[in-house]
Amino acid sequence: MNVIQSVDLSVMAPVVIVAVAALLALLVDLFLAQGPRWPGLIALLGLLTAAVWLPAARQAGSTLCIPHAWCAYDVNRITVVLQGLVIAGSVLVVLMSLVVVDDLGLPGGEYYFLLLSSVAGAVALPATRDLVSLIVVLEVVTLPTIALVALRRDRRAAPAALQMFLFSIVSLAVSLYGLALVYGSSGRVDLGSLWAFTHEPAHHSVTLGVGIVLILAVALFKVAAVPFNAWAPDTYAGAPIPVAGYLSVVSKLAGFAALILITVTFSGWWPLWSGVLAVVAALTMLVGNLGALRQHSAVRLLAWSSIAQAGYVLVPLAALVGGPAGSAGMLSAMVAYLAVYLAMNLGAFAVVALVSREAPSARLDDFTGLAWQHPVEGVCLAFFLACLAGLPPGLAGLFVKVRVLAEPASSGAWWLAVVMGVATVIGLAYYLAWAARLFRRADGVHVSIRRGGAWGTVAAAGLAMVAAVVFSVAPSLALGLLPG
Amino acid sequence: MAGSWVLPTMLALPLAASVLLLVAGRGADRWARGIGVAVTGVDLALGVRLALGFDAGNAGELHARFTAPWVPQLDITLSLGVDGLSLPLVVLTALLSFLCAIYTVNHLPDPGRPRAFVGLLLFLQVGMLGTFLAQNLLLFFVFFEFVLIPMWFLIAVWGSGDRRRPAANVFILYTLTGSVLMLIGFLVLWWQAGTSDFSALAAGGGASMSSSTQLLVVLLVGGGLAVKVPMWPLHTWLPDAHTAAPTVASVLLAGVLLKMGTYGLVRIMLPSVPQGTHDVAPYLAALAVVGVVYGALASFGQRDLKRLIAFSSVGHMGFVLLGIATLVPIGVNGAMFGNVAHGLITGLLFFVVGGLRLRFGTTSLTELPRALYARTPRLAFLLAFAAMASLGLPGLAGFWGEFLSLVGAYLPASSELTLFRILLVVAALGTVFAAAYFLRVLRRVGQGDRPAPRVADLAGYEAASWLPLAALVLLFGLAPALLLDLTAPVVNHLLAAAVGAGR
């Protein structure tokens with residue numbers, strides 16, 4: 001029997017291209033440093049090339065196979081959609097980074113190398129098909145971002161990175177322990193046969209159950225869900241703003257991809273994990289929104305808000321607690337929410353990044369009257385906030401919230417729907433307070449935006465705005481990414 | 001896509017104009033007011049054409065239907081239509097918007113910016129019209145929310161006084177909280193009934209829902225709509241918002257926005273969850289009558305004319321709610337009549353008070369100079385006329401809504417006969433108070449013999465924007481059947497479905 005894995009590069013092309021671009025960015029900076037922006041442009045080019053390859057890879061199927069057993073890397077519809085979202089989000093982050101790397105004097109080669117290494121992991125993650133690869137790839141996403149947070153090397157960056165690192169290793173340790181328990185009680189790690197294994201109720205044991213719940217930890221850390229949420233606000237605040245945007249969107253996409261893979265694998269025992277996730281989702285929504293209420297800094301507010309938003313995305317999975325009815329549309333609802341969340345959240349981060357060029361601490365006070373002095377930026381930010389709040393005219397946010405809410409409502413988990421309703425109402429308070437601040441007339445206070453050199457950030461905000469408006473006018477584009 | 005293009009045009013036109021004005025450069029400032037008049041004029045013409053071509057014998061049917069797919073995954077269609085219940089409100093909205101646009105040509109409140117002001121006015125119009133035209137729950141919700149943002153800007157930016165921004169914030173927070181409750185109620189209703197289409201909901205009559213689910217829906221949906229009406233004790237946002245709002249915003253707030261709440265109650269809550277509505281009807285009636293008395297007594301204590309009218313609105317909307325709570329055709333028809341009448345009368349009142357403010361710089365009853373009859377006879381006549389109509393003088397439009405609501409309360413559908421009759425007596429006393437406070441205003445402002453400097457009487461643009469309202473108040477006062485014949489078939493249909501399923 002041939003035990004050497006065959007590697008079909010064409011299937012893995014998007015991952016390989018991103019990884020190669022990461023290396024190129026580093027090398028160009030080392031040897032051919034003609035212009036400071038070359039690494040960034042190479043990163044952008046790499047991501048776009050990977051995006052072009054996506055549809056081709058979709059035809060190709062699987063690779064890294066053990067003959068007559070299983071493949072570690074497999075591509076299907078949901079894989080491609082998640083990979084597409086990861087790449088789209090990364091493009092916006094790289095665009096935002098172009099000027100920030102200059103402004104903060106960050107080492108360009110290292111910055112884009114670390115960023116794209118993480119992206120390569122995030123692109124690979126939705127295609128992984130065994131628990132070991134899944135956890136290893138998840139760490140590939142996480143570790144470079146810890147370095148990215150620390151890259152600024154100032155007083156805020158070090159503790160921010162340290163806090164993230166501590167949460168990361170704790171959750172990793174918990175998950176590895178879970179992996180050991182699952183492997184010990186089932187004797188397998190590939191998702192396909194674990195799926196079959198857990199569909200036999202006779203195989204359900206305490207060891208297996210504890211293992212499954214513990215494995216969730218590493219994914220819950222990535223999406224910053226309760227109880228692994230406390231690192232997010234400090235880390236986001238200490239990181240360069242594009243990195244904070246990356247952590248809140250792309251890194252979370254990877255976390256949700258992992259969560260989807262894990263829960264689908266153990267779908268034979270859904271009452272177990274859906275109960276845990278229901279409690280996690282409810283607490284995450286409440287804690288995130290309550291935490292955001294008291295913030296005075298834009299980035300911290302967005303950090304808490306992104307905790308809350310992750311709670312909303314968890315709701316469809318958690319809704320199974322009410323019964324398996326309607327579970328077909330569960331993933332479709334999550335992916336729709338993630339697509340809209342990508343546009344509205346990165347859009348908000350892009351505008352914050354623009355304002356923070358002149359007001360580095362980006363307090364909410366620094367946004368007072370923004371819409372009068374810079375109508376385009378102000379109106380865009382107001383629209384992103386309306387989408388995040390889920391209120392007209394932010395129809396994109398409204399429709400995905402309704403779509404997500406439909407899951408617990410149709411499964412009968414009414415209490416979860418009520419918690420989400422309450423959380424959304426709390427969320428209105430701080431999103432709207434911020435939006436109203438943009439339109440306040442403040443005499444003597446001048447918000448200045450320096451657009452010079454920041455074409456990347458402006459483009460990121462513009463692309464996010466276009467996406468948010470398109471999703472508002474035609475919500476079916478997001479809702480139809482996966483068939484419900 | 002199918003159906004008549006009239007209704008989508010009525011929405012698309014102001015929406016397109018509004019977006020163009022809001023993104024246009026400063027050069028558009030010169031044209032803005034003209035565009036406003038033209039667009040609202042076309043909308044009014046379309047509305048009038050709709051009304052003239054309306055098959056009154058078939059008022060219960062949806063006319064000028066338009067449907068297009070929008071979000072197939074959520075089963076949401078762009079579904080518009082108009083029947084006897086919504087037609088008067090659609091025309092009222094188009095009329096008030098047009099009159100406001102005319103008024104704005106000559107009078108734009110500080111800080112100017114005609115482009116933004118007219119753009120927001122048109123944006124507001126889209127939301128108001130859409131609310132009355134929407135034929136399913138989510139579309140209704142979207143349009144219902146659409147009005148909040150332009151109204152917030154109109155109050156917060158163009159309002160008067162230091163309190164305008166807090167007033168705008170309180171307005172938006174109150175109504176948003178109500179809206180979110182309403183949305184949750186809509187979702188419960190939608191998933192329990194399996195449809196979000198209004199006619200299907202009415203046909204279902206809540207048959208698939210247990211009485212506790214119905215009660216939940218009524219509390220959520222009714223609670224959310226009651227904030228907008230506003231029902232006592234959820235009214236506290238209204239006086240501040242009215243006091244701070246510029247004249248046209250006050251006119252539209254009182255004339256149209258409040259009606260969105262009562263319209264929603266009759267269009268959605270009553271037919272969809274008849275059992276639940278039936279269960280809460282006595283409580284609704286009691287709160288309504290508290291509102292009537294409270295509105296009257298509070299009006300009595302006001303020193304500011306705009307605040308006074310705002311509190312009187314609470315009282316008038318109390319009558320409308322009482323009429324709805326009776327759940328009998330005569331009461332609900334009275335309520336729908338009262339809706340339109342209050343829109344016309346209060347619109348007129350706010351216009352006139354805005355005129356006073358323009359001339360004397362204040363709306364405070366203690367600071368306004370006396371002897372208005374002598375100084376500006378035409379303006380004073382309009383104020384007196386609107387006040388008389390508001391206090392329910394027979395022969396003017398204000399009378400019929402309250403009278404029919406009271407008649408309905410004599411023989412309500414509810415078995416709580418004694419309660420309703422006590423409420424009837426108390427509400428009737430409320431009309432006496434209303435007479436008292438308006439007569440006090442007229443005596444204070446109108447009479448007197450102090451010599452005073454000359455002030456301009458009714459200007460041409462004022463006459464053009466106010467007199468149509470006065471004429472309609474008189475017309476509907478003398479010929480109430482014009483309206484009642486339109487609403488009656490729909491109300492009978494909705495109530496019949498409710499009675500059939502609810503008992």
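Measuring r between the beta carbons of B:T362 and B:R421 and using R0 = 41 Å, the FRET efficiency lands at 0.40. Assuming a ≥ b ≥ c are the square roots of the Cα gyration tensor eigenvalues, decide whether segment B:44-106 counts as rounded (a/c under 1.5), prolate (otherwise, with a/b larger than b/c) or oblate. The shape class here is oblate. Computed over chain B, the alpha-carbon pair-distance distribution with 10 angstrom bins reads 4, 21, 32, 27, 12, 3, 0, 0, each value a whole percent. For A:S472, the shell of other residues with beta-carbons less than 15 Å away shows a net charge of +1, using +1 for Lys and Arg and -1 for Asp and Glu. Here the gap between A:A180 and A:S205, fully extended at 0.36 nm per residue and compared with their Cα-Cα distance, gives a gain of 7.6 nm. Within 10 Å of the Cβ of each residue in B:67-73, the mean number of Cβ atoms contributed by other protein chains is 5.
A straight line joining the Cα centroids of segment A:293-369 and segment B:153-208 runs 23 Å.
About the Cα centre of segment B:2-502, how large is the charge dipole given +1 on each Lys and Arg Cβ and -1 on each Asp and Glu Cβ? Please answer in debye to the nearest 20.
Details: 27 positive and 20 negative charges, 344 e Å.
That gives a dipole near 1640 debye.
For the protein assembly as shown, the Kirkwood hydrodynamic radius from C-alpha pairs, put into Stokes-Einstein at 20 °C and a viscosity of 1.002 mPa s, yields a diffusion coefficient of 71 µm² per second. Projecting the Cα atoms of B:G130, B:V157, B:A59 onto the charge dipole of segment B:57-194, computed from C-beta unit charges around the Cα centre, puts B:V157 farthest toward the positive end. What the phi angles of segment A:249-257 give under the Karplus curve with 6.51, -1.76 and 1.60, with θ = phi - 60°, is a coupling list of 10, 5, 4, 5, 4, 4, x, 5, 4 Hz, glycine and proline written as x. Look at the dipole of segment B:403-487 built from charges on Cβ: of B:L482, B:F433, B:S415, the Cα furthest out on the positive end belongs to B:F433.
Centre-to-centre separation between the Cα atoms of segment B:1-65 and those of segment A:202-247: 51 Å. Dividing the Cα radius of gyration of segment A:279-321 by its Kirkwood radius returns 1.06 for Rg/Rh.
Spin-label model, B:R378 to A:F31: label points 7 Å out along the Cα-to-beta-carbon direction sit 8.8 nm apart. With the simple spin-label model, which puts each label point 7 Å out from Cα in the Cβ direction, the B:A45 to B:Y283 separation comes to 5.0 nm. Scanning chain B for GluC sites (Glu not before Pro) in DSSP loops with at most 16 neighbouring Cβ atoms within 10 Å leaves B:62-366 as the longest stretch between them. The charge dipole of segment A:236-366, taken about its Cα centre with unit charges on the Cβ atoms of Lys, Arg (+1), Asp and Glu (-1) only, comes to about 80 debye.
Taking each residue of A:143-153 in turn, how many C-beta atoms of other protein chains fall within 10 Å of its C-beta, and what is the average? Could the numbers behind the result be given before it?
Working: counts 0, 0, 0, 0, 0, 0, 0, 0, 0, 0, 0.
Whole-number average of other-chain Cβ neighbours for A:143-153 is 0.
Its Cα centre serving as origin, segment A:269-484 has a Cβ charge dipole (Lys and Arg +1, Asp and Glu -1) of approximately 240 debye.
The long axis of helix A:38-60 is offset from the longest Cα principal axis of chain A by roughly 40 degrees. Compare the Cα positions of A:A406, A:A339, A:L302 along the charge dipole of segment A:269-484 (+1 at Cβ of Lys, Arg; -1 at Cβ of Asp, Glu; about the Cα centre) and return the one farthest towards the positive end. Value: A:L302. Dividing the mean sequence gap of close Cα pairs (under 8 Å, 6+ apart) by how many residues chain A holds gives a relative contact order of 15 percent.
So what are segment A:269-484's ellipsoid semi-axes, whole angstrom, largest first, if each one is the square root of 5 times an eigenvalue of the alpha-carbon gyration tensor? Intermediate values should be presented prior to the final figure.
On the way: eigenvalues 220, 64, 33 Å².
Over the Cα atoms of segment A:269-484, the semi-axes work out to 33, 18, 13 Å.
Cα convex hull of chain A: how many Å³ per residue? Write out the running numbers ahead of the final one.
Working: hull volume 62.5 nm³, N = 484.
Measuring per residue, one finds 129 Å³ for the Cα hull of chain A.
A crude spin-label estimate for the pair B:D457 and B:N106, with each label 7 Å from Cα along the Cβ direction, gives 1.4 nm.
Each reported figure results from applying straightforward, stated rules to the coordinates on display, with no laboratory input. None of the values given here were measured: they were computed from a predicted structure. Glycine gets a Cβ as well: all are built from the backbone with ideal geometry, and neighbour counts include every protein chain shown.
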